[in-house]
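Student: Submitted below is the structure of interest, expressed as structure tokens.
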Amino acid sequence: MFGKIRHGILHSPRRIRVPGRLHRAGDGRQGHQEHGRVPQGQPWQSLRGQGPLLSVRSLAGQVFLLQLAVVVLLVAAALIALVVQVRRDTMADAQHRTLAAAQAFAHSPGMLEALDSRDPSAVLQPRAEAARKAAGVDAIIVYTLDGITLTHSDPRQIGKHIIGPYAEAAAGKPFTRTFRGSLGLSVVSAVPVKDTHGSVVAVVAVPVTVGTVQQGVRRQLPVLIGGAVGALAVAAGGAGLVSRRLRRQTHGLGPVEMTRMYEHHDAVLHAVREGVLIVGGDGRILLANDEARRLLDLPQDAERHHVAGLGLEGDLAEVLASDRPATDEVHLAGDRLLAVNKRLTAPRGPVGSVVTLRDTTELRALSGKAELARERLRLLYEAGVRIGTTLDVTRTAEELAEAAVPTFADVVTVELRDPVLHGEEPSGASTEMRRTAAVGLEGDHPLYPVGKLIRFAATHPIAAGVASGRAVLVRELSACDGWRAQDPERAQRVLDFGIHSLVLVPLRARGVLLGMAHFWRTSASPPFEEEDVSFAEELTARAAVCIDNARRYTREHAMAVALQRSLLPRGLPELPALEVAYRYLPARAGVGGDWFDVIPLSSARVALVVGDVVGHGLHAAATMGRLRTAVHNFSVLDMPPDELLARMDELVAQIDAEEADTGNGPGITGATCQYAIYDPTSGRVAVATAGHPGLAMVHPDGTVAFPSVPISPPLGLGAGLPHESAGLTVPEGSRMVLYTDGLMADRDLDAGLESLRTALTGPDRDPETTCAAVIEVMLPTQPKDDIALLVARTRRLDRTQIAEWEVPRDPAAVAPVRAACVRRLTEWGLEQLALTAELILSELITNAIRYGAEPITVRLLRERTLIYEVSDGSSTTPRLRLAKVTDEGGRGLFLVAQFTERWGTRYTPTGKVIWAEQSLHEGGPPTAEGIGEDLLDRWDDTAG
């Protein structure tokens, strides 16, 4: 059974206990049992309820067995020694007792008388037995000198002659010896009995058998053994307790494991690159590894010394001696910077702390470089976000300077070549540049001002940078003769100002030199180093791309603006019917496609147009020009607004279809347009719109209205559907306001209209003042779209400037009407035009009577020109043609075209109107002879 138990103990899986967990030795897996608990099924038992039984393979178990063996040996040796000692003491006691008894009996009173009596045995035998019993000896024997026994414990021996070692006693000397006699092996003491003369007359021998002595020892042996067993039990219990504590402290490890652990601990403790200190609760050093001694420069006998007495820095000593933990605190120790971590050992261990020390001097230098690199990367990232937010060359240069100040340089200046500022691509490598941006300078400074055109000398470091295309580092400006040679006096003032170091970096994009960037440092900063150059180059390279993009945009923007301004009206005609003012504001993002126009029409009428093309840039400007030209061409045909927009819709759809087939452009579908015609003779306005905001009407009293105008789809999206128009009658002095949707940018439509109403409200404003008021109120802070605004104040033709007659459809009615017209011309003071007027009216009225239909009406308008109008109910259009020699007619329109500035036909809902305009001031009136000669010349030309 014991063998099985022992086998189970030796071969069971051992567990190494660490605080809070159990680990299976050999497999490295963590157990999940709490400290103090014994897993079921394991060969662990309890020893008197004090803890698990110890494994003989563990150090604690071996120590326990060794202690137990030592205790057993000691107890056995002690027991043997006690037994031997008891036997020795018993033998000595027997010797002393027998000797004393023999002496006492030999010298007892009456001894000599009894020997001299007739029967000494009878006298002495009772006395000897009484003395034997009193002394606790086996016998008291009295011998005569001839060996006859006088007394004996065995009465049978009385009177017998015995032989014994009594010669010495017979000679008068007492003795004690071990002798085998009749009683067996005994301790015998013999004492002579002397008479009064000193002669030996008898011998008294007192024996104690060895058996009797051993019987005394055996009586004490149970006590001795009991004491030994008790001592063994106490010693075993103490060894068990000690071993249990030892097992708890060694976690059940064996000697080999303990040795290996110690070797590893010692190797790690002294080979690790971190200093390790164990400090007691009283602030004394308990342990210090080699690295800690090196870092703190500790003496060899530092252990057991208080940290305050080791010569450490005050704050470091305070941390080591205090009872507070520390994490990565940096403290100075001599010329080293140490990162200190401190953890308290209580409550799991004794009061104290464990301190680790790490030398961060080199790490701090490396971390400083890493931090600098991170800062530079962050600066490059922020610069990528900050630089190039606009497409303005000057602003982009300023953003480059702002991105580098003050994190990289104290002062930054940027110089660009003049062609770059104008959007052109520079050629060659010139050192003539204009200072465009300067950041970091305040007040009166010695550097060239912004806007200054600088011609850098050939010895200046810029020349080397331009030639090589690489950055130039000037660590100390005071030692740079080439820089000082540019302007010695200014250079000295720059040095006196505190600027002492410089990096010059060329601004290059696509292989083209755009300019230079100067990074300056003042006395508050260290000089530039080589690693700063690469950062400056990277920062400048990013900015150069943005500057080049802004330059190309500037060029394209300038081209688009030039194109747009060439396509927009360069001035407004002076019109008797309208007083007109306008505003055109291009968007910040680029030229757009907003446009407007004022087109004089026949019969003193005027067309007002505003439009908007989707997008920005050259394509939008070109598209705007195409649409404006198309509107001009269609307006010459005197189309009503709805028909004109229908024609525009068809044109846009056709253009988009052609461009879609060729893939040459994004198309123009979605453009909007509003077209209005004002007739000063009636005050009527006909307006139509294609996807465009409606017009605003300001009445003479200052009130504002937004007339309801049918809105057709944007141009190109009408799908051939007819457009609608609206007719309005406006009082004289009213203001018509046409605008594009850029005016409503960033506003809700209702809120925008209300703001526009507020800006327009008020009487007695001319169009120019109205435009200024609207722009002041409505202009967005950052316009994202073009704004076109057109304001026209209406005028009416006086009734005295209009003459009108109804004409019957009868050739005989021509003469009376002609005569009435001549009379009206005379009233107007235009009698010099009477002959020509008669000729023109005769031709127009005759054509209406011959080819037209009733009603026929003649109207004269006296404005800046004399306007003839003949209307009839027919839609037949007269056509100018070359008459043959044999033709009787066909020459009347030649005469009209000859004697008028222009003529034409326009359609009305009831028919058509043939009109002609004649100047009031150019040349004199033609004579009859002149008219005849003109006709003959025309016929001759035709015949030829």
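The values are calculated or read from the model by the stated rules, or taken from the named source; none is laboratory data. These numbers come from a predicted model, not from an experiment. Methodologically, a virtual Cβ is constructed for each residue, glycine included, from the backbone with ideal geometry; neighbour enumeration extends over all protein chains shown.
Student: Name the helices (runs of 4 or more DSSP H) wholly within the stretch 349-425 that hold at least 1 residues that are at pLDDT below 80 and polar (S, T, N, Q)?
Tutor: Output list reads 361-386.
Student: Hey, among the residues in the stretch 388-434 that are touching a Phe, Trp or Tyr at 6+ places or on another chain (Cβ under 8 Å) and among the hydroxyl-bearing types (Ser, Thr, Tyr), which one's farthest from residue 466 (Cα to Cα)?
Tutor: In this case the residue turns out to be 413.
Student: I would also like to ask the following. Between a residue in the stretch 72-91 that is in contact (Cβ under 8 Å) with a residue 12 or more places away in the chain and closer than 14 Å to residue 221 by Cα and any residue that is assigned to a helix (DSSP H, G or I) and among the β-branched types (Val, Ile, Thr), which pairs come within a Cβ distance under 7 Å, given they are 6 or more apart or on different chains?
Tutor: 79/225; 83/217; 86/217; 87/217; 90/213; 90/217
Student: Identify, by number, the condition in (1) in contact with a Phe, Trp or Tyr (Cβ under 7 Å, 6 or more places away or on another chain); (2) surrounded by fewer than 19 Cβ atoms within 10 Å (Cβ to Cβ) that residue 582 doesn't meet.
Tutor: Just one mismatch for residue 582, condition (2).
Student: Related question: Determine, yes or no, whether residue 412 is touching a residue at least 24 places away in the same chain (Cβ under 8 Å), in contact with a His (Cβ under 9 Å, 6 or more places away or on another chain) and in the same structural domain as residue 525 (by TED's automatic domain parsing).
Tutor: Details: touching a residue at least 24 places away in the same chain (Cβ under 8 Å): yes; in contact with a His (Cβ under 9 Å, 6 or more places away or on another chain): yes; in the same structural domain as residue 525 (by TED's automatic domain parsing): yes.
Considered against the rule, which asks whether it is touching a residue at least 24 places away in the same chain (Cβ under 8 Å), in contact with a His (Cβ under 9 Å, 6 or more places away or on another chain) and in the same structural domain as residue 525 (by TED's automatic domain parsing), residue 412 comes out as yes.
Student: Which residue, of 694, 702, 718, is assigned to a loop (DSSP other than H, G, I, E, B) and more than 22 Å from residue 757 (Cα to Cα)?
Tutor: 718
Student: Then there's this: Determine if the stretch 658-670 includes at least one residue that is surrounded by 19 or more Cβ atoms within 10 Å (Cβ to Cβ) and at pLDDT 90 or above.
Tutor: No, the stretch 658-670 contains no residue that is surrounded by 19 or more Cβ atoms within 10 Å (Cβ to Cβ) and at pLDDT 90 or above.
Student: Based on this model, can you work out whether residue 203 counts as at pLDDT 85 or above, of a type in the set (A, V, I, L, M, F, W, C) and touching a Ser or Thr at 6+ places or on another chain (Cβ under 9 Å)?
Tutor: Taking the combined requirement at face value, the residue satisfies it.
Student: Right, next: For the stretch 272-302, give me each residue that is among the charged types (D, E, K, R), surrounded by 14 or more Cβ atoms within 10 Å (Cβ to Cβ) and more than 45 Å from the chain's Cα centre (by Cα).
Tutor: 284
Student: For the stretch 434-460, which residues satisfy the criterion of being basic (Lys, Arg), surrounded by fewer than 19 Cβ atoms within 10 Å (Cβ to Cβ) and outside any loop (DSSP other than H, G, I, E, B)?
Tutor: Across the stretch 434-460, the qualifying residues are 434, 455.
Student: Of the numbered conditions (1) touching a residue at least 12 places away in the same chain (Cβ under 8 Å); (2) under 30 Å from residue 657 (Cβ atoms); (3) surrounded by fewer than 17 Cβ atoms within 10 Å (Cβ to Cβ), residue 708 satisfies every one except a single condition; which is it?
Tutor: (2)
Student: Now for a separate question. Answer yes or no: is there a residue in the stretch 484-507 that is crowded, with 17+ Cβ neighbours inside 10 Å, of a type in the set (Gly, Ala, Ser), under 35 Å from the mean Cα position of the chain (by Cα) and assigned to a strand (DSSP E or B).
Tutor: yes
Student: Sort through 468, 478, 501 and tell me the only one that's among the hydroxyl-bearing types (Ser, Thr, Tyr), under 22 Å from residue 405 (Cβ atoms) and in the same structural domain as residue 423 (by TED's automatic domain parsing). So that I can check it myself, show each step before the final result.
Tutor: On the way: 468 fails: under 22 Å from residue 405 (Cβ atoms); 478 fails: under 22 Å from residue 405 (Cβ atoms).
Exactly one of 468, 478, 501 is among the hydroxyl-bearing types (Ser, Thr, Tyr), under 22 Å from residue 405 (Cβ atoms) and in the same structural domain as residue 423 (by TED's automatic domain parsing), namely 501.
Student: Out of 729, 770, I need the residue that is surrounded by 15 or more Cβ atoms within 10 Å (Cβ to Cβ), over 47 Å from the mean Cα position of the chain (by Cα) and of a type in the set (Ser, Thr, Tyr). Which one?
Tutor: Step by step, each of 729, 770 is checked, and only 770 is surrounded by 15 or more Cβ atoms within 10 Å (Cβ to Cβ), over 47 Å from the mean Cα position of the chain (by Cα) and of a type in the set (Ser, Thr, Tyr).
Student: If you don't mind, another one. Evaluate the stretch 519-530: report whether one residue or more is in a helix (DSSP H, G or I) and closer than 24 Å to residue 456 by Cβ.
Tutor: Yes, the stretch 519-530 contains at least one residue that is in a helix (DSSP H, G or I) and closer than 24 Å to residue 456 by Cβ.
Student: Sticking with this one: Here is a check on your reading of the model: is residue 123 outside the structural domain of residue 142 (by TED's automatic domain parsing), surrounded by 14 or more Cβ atoms within 10 Å (Cβ to Cβ), in a helix (DSSP H, G or I) and among the aliphatic types (A, V, I, L, M)?
Tutor: Here the answer is no, as residue 123 does not meet what is asked.
Student: On to the next question. Every residue in the stretch 531-555 that is surrounded by 18 or more Cβ atoms within 10 Å (Cβ to Cβ) and either of a type in the set (Lys, Arg) or part of a strand (DSSP E or B) (or both), please.
Tutor: Matches in the stretch 531-555: 551 only.
Student: To continue, here is another question. Report those strands (runs of 3 or more DSSP E) wholly inside the stretch 792-876 carrying at least 1 residues which are surrounded by 14 or more Cβ atoms within 10 Å (Cβ to Cβ) and small (Gly, Ala, Ser).
Tutor: Hits in the stretch 792-876: 802-807, 865-872.
Student: Follow-up question, since we're still on this one. Out of the residues in the stretch 133-160 that are part of a loop (DSSP other than H, G, I, E, B) and small (Gly, Ala, Ser), state the one that is surrounded by the most Cβ atoms within 10 Å (Cβ to Cβ).
Tutor: Ranking the candidates gives 139 first.
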